[in-house]
Amino acid sequence: LNERKRLRAWLRYCLSLQEERTVRDRSLLQVQEHEQPIVWKVQFSLGNSSQLSNQCRNSVQGKLLITDELGYICERKDLLVNGCCNVNVPSTKLFSCDSCLPNGCCSVYEYCVSCCLQPNKQHLLERFLNRAAIAFQNLFMAVEDRFELCLAKCRTSSQSVQHENTYRDPIAKYCYGEYPPELLPV
């Protein structure tokens, strides 16, 4: 009997934590007025990513490839402890668009992010933010800099699918461009 009471108390506690987290997450999704413009450049100057005093955010999820916030793409094994790609490794590339089509859709997520981070893509991203549909405002108004915007933009979205369950382009499904992928015949 005591064990049941403890189990119920523990379940109530866990559920209250989950509810608290859900409320907090919902409040984060509220549309916020952007008083500060999006940050288009990384805040620290890093001539060589092997300097350990600076930290990099990175795309995290790739099994084989990682893109850091400076736009470098590298193999996961070449990621430094500070989160930056090791630029001294020949396979590390800056602003690489390998696997990307001219429409801004790529077959590899990490290449999409790296390509999106090119300085010449700023105009395209600004236009996108200015025209972001109401449905996307909660997502895209929460980003604070170009890296976060490219991470969000390159994730597959409803614009990448048709009939809710089939990719418009099953190969190039990660897009930073203004328009959804081409609709390929089934």
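Only the coordinates and a few stated rules stand behind these numbers; no lab work does. Here the structure is a predicted model, which is why all the values come from computation and not from measurement. Don't worry about glycine lacking a Cβ; one is built from the backbone with ideal geometry, like all the others, and counts go over all protein chains shown.
Around ASP145, which amide H atoms from residues at least 5 apart in sequence, or from another chain, sit under 5 Å from its own amide H, with H modelled in the peptide plane?
Long-range HN contacts for ASP145: VAL39.
Which whole-Hz couplings ³J(HN,Hα) result when phi for each residue of region 142-147 is put into the Karplus expression 6.51 cos²θ - 1.76 cosθ + 1.60, θ = phi - 60°, listed in order with x for Gly and Pro?
Values per residue, Gly and Pro as x: 7, 6, 10, 8, 4, 4 Hz.
If you count, for each residue, the other Cβ atoms within 10 Å and average over each peptide, how do 169-181, 81-93 line up from highest to lowest?
Descending packing order for the listed peptides: 169-181, 81-93.
How large is ³J(HN,Hα) for each residue in region 113-121, as worked out from phi by the Karplus curve 6.51 cos²θ - 1.76 cosθ + 1.60 (θ = phi - 60°), to whole Hz, x for Gly and Pro?
Going residue by residue, I get 5, 4, 5, 4, 6, 4, x, 6, 8 Hz, with x marking Gly and Pro.
If packing is taken as the average number of other Cβ atoms within 10 Å across a peptide's residues, how do 142-150, 117-125 rank, most packed first?
142-150, 117-125
Would you grab the residues whose amide H sits under 5 Å from the one on GLU69? Only those 5+ places off in sequence or on another chain, please, with H modelled 1.01 Å from N.
ARG57
Near LEU183, within a Cβ-to-Cβ distance under 12 Å, what is the net charge of the other residues, with Lys and Arg +1 and Asp and Glu -1?
Value of the local net charge: -1.
Using the beta-carbon distance between GLN162 and SER91 and R0 = 30 Å, what value does 1/(1 + (r/R0)^6) give for FRET efficiency, to the nearest 0.05?
The pair GLN162/SER91 has a calculated efficiency of 0.25.
Quick check: net charge around ASN82, other residues with Cβ under 15 Å of its Cβ, Lys/Arg +1 and Asp/Glu -1?
Summing Lys/Arg as +1 and Asp/Glu as -1 gives -1.
Considering amide H positions built from the backbone, and no H for Pro or chain starts, which residues 5 or more places from GLN162, or on another chain, come under 5 Å of its amide H?
TYR167, ARG168
Among the lysines, select those whose C-alpha is under 29 Å from the C-alpha of LYS153, and discard any that sit fewer than 8 residues away in the same chain.
LYS41, LYS63, LYS77, LYS93, LYS121, LYS173
R0 = 35 Å: FRET efficiency of ASP145 with ILE171, Cβ-based, nearest 0.05?
The formula returns an efficiency of 0.75 here.
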